[in-house]
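Structure record follows, encoded as structure tokens.
We did not get these values from a lab; they are worked out from the coordinates using the rules stated. Keep in mind the model is a prediction, meaning the values are calculated, not measured. Methodologically, a virtual Cβ is constructed for each residue, glycine included, from the backbone with ideal geometry; neighbour enumeration extends over all protein chains shown.
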Amino acid sequence: MSDLEHIKKKLRDYGFYPDFSTKSKYFTKLKSYLGLKQANELLDNIDIIISSSEDPEHDIAHLVGQDSQLLKIIYSTGIVTSACIFNSMLEILDSIDIEPKVISDLGGANGWSLQLLDEYFELNSKLVLIDYNPNWDLVNENITVINSEYAHVTEKINADLIISIFGIKASEPESLLKCAANILANNGYLLISLRIPDDSTFKSFQETAISLGFGIVLEKSKRVQYFNSSAMFIETFPVLLISNNIKQSEIFRLKDIQID
Ligand SMILES: C[S@@+](CC[C@H](N)C(=O)[O-])C[C@H]1O[C@@H](n2cnc3c(N)ncnc32)[C@H](O)[C@@H]1O
């Protein structure tokens with residue numbers, strides 16, 4: 001079994017549906033879970049939020065409320081992309097020397113990626129999940145959870161490794177990057193992937209990161225390509241290895257990052 005298939009299997013064990021490659025499978029599941037009328041109402045409300053909200057993620061989570069099953073059905077539409085990115089993060093980790101005592105995930109949902117990192121390192125690391133949505137049901141009770149906006153995290157975490165997959169909008173990464181800068185140990189690493197669509201968004205991301213003392217480890221970072229079969233186009237996501245131990249003196253373009 002390839003690493004990606006292993007990750008997908010684990011995601012199924014944790015209640016996600018990584019096989020929602022087409023919209024019709026997602027609709028079918030929603031309808032069987034909620035009933036036709038409620039499913040259609042929910043889909044209409046999600047459409048309204050997507051077309052009008054400043055923060056669709058927050059508003060959709062608010063709409064779903066405390067139903068952790070429903071939360072996982074809805075997030076399953078993007079979970080394969082997260083799995084591909086996580087797989088690429090593991091390949092990057094294969095190439096660096098790190099034995100983290102503390103690992104944190106910013107926007108870690110139900111803790112699936114922290115749990116898989118714990119299994120990857122086999123070091124019994126302390127796992128700290130930061131996510132403002134308290135309605136996720138955790139994959140492992142041993143994960144320490146901080147249900148907070150990134151901007152309000154005050155705990156001293158001293159993480160050797162932080163990961164974040166789609167933890168914030170790419171156009172407004174500041175609160176996440178500030179939180180990462182505050183909780184990262186000296187010489188620690190941040191592995192982050194956001195939906196950075198173009199060089200201008202990438203430039204402002206880098207300016208914020210550099211102002212917080214970060215630098216991108218360009219030769220280890222990657223771009224992951226994923227064929228979105230419902231939208232029928234190839235999406236590309238940068239997976240960035242960032243350190244607080246290197247000074248970055250130039251702004252990179254997306255094409256400077258190797259394709260995975
Ligand atoms: C798109 S989901 C990604 C979840 C997970 N990383 C994955 O890839 O499966 C983003 C997560 O970040 C959390 N989140 C978004 N903005 C946040 C903020 N400002 N502070 C804390 N958590 C936030 C959401 O609650 C959600 O669980």
Tilt, helix 174-183 to longest principal axis of the chain (alpha-carbon atoms), in degrees rounded to tens, equals 60
In degrees rounded to 10, the 0-90 angle between helix 3-13 Cα long axis and the longest Cα principal axis of the chain is 50
Lys and Arg at +1, Asp and Glu at -1: neighbours of Leu114 with Cβ under 13 Å from its Cβ sum to -3
Taking 0.36 nm per residue of separation between Asp55 and Asn245 and subtracting their Cα-Cα distance, the length gained on full extension comes to 65.1 nm
Label model pair Asn187, Phe227: point-to-point distance (7 angstrom along the Cα→beta-carbon line) in nm is 4.4
To the nearest 20 debye, the chain has a Cα-centred charge dipole, built from +1 on Lys and Arg Cβ and -1 on Asp and Glu Cβ, of 380
Simple SL model, points at 7 angstrom along Cα→Cβ for Lys37 and Glu155; separation in nm is 4.3
For the chain, longest principal axis from Cα atoms; helix 199-211 axis from its Cα atoms; angle between them, nearest 10 degrees, is 50
Square roots of five times the C-alpha gyration tensor eigenvalues of the chain, ordered largest first and given in whole Å, equal 29, 20, 19
Along principal axes, largest first, the alpha-carbon spread of segment 3-78 in whole Å comes out as 38, 27, 24
Expressed in angstrom and rounded, the centroid-to-centroid distance over alpha carbons for segment 93-122 and segment 155-197 is 13
Two pseudo-spin positions, 7 Å from Cα along C-beta at Lys255 and at Asp3, lie apart in nanometres by 2.8
Within segment 218-245, the residues whose backbone N lies under 12 Å from a label point placed 7 Å from the Cα of Tyr120 along the Cα-to-Cβ direction are 240-241
Summed over the other residues with a beta carbon less than 11 angstrom from that of Ser2, with K and R at +1 and D and E at -1, the charge totals 0
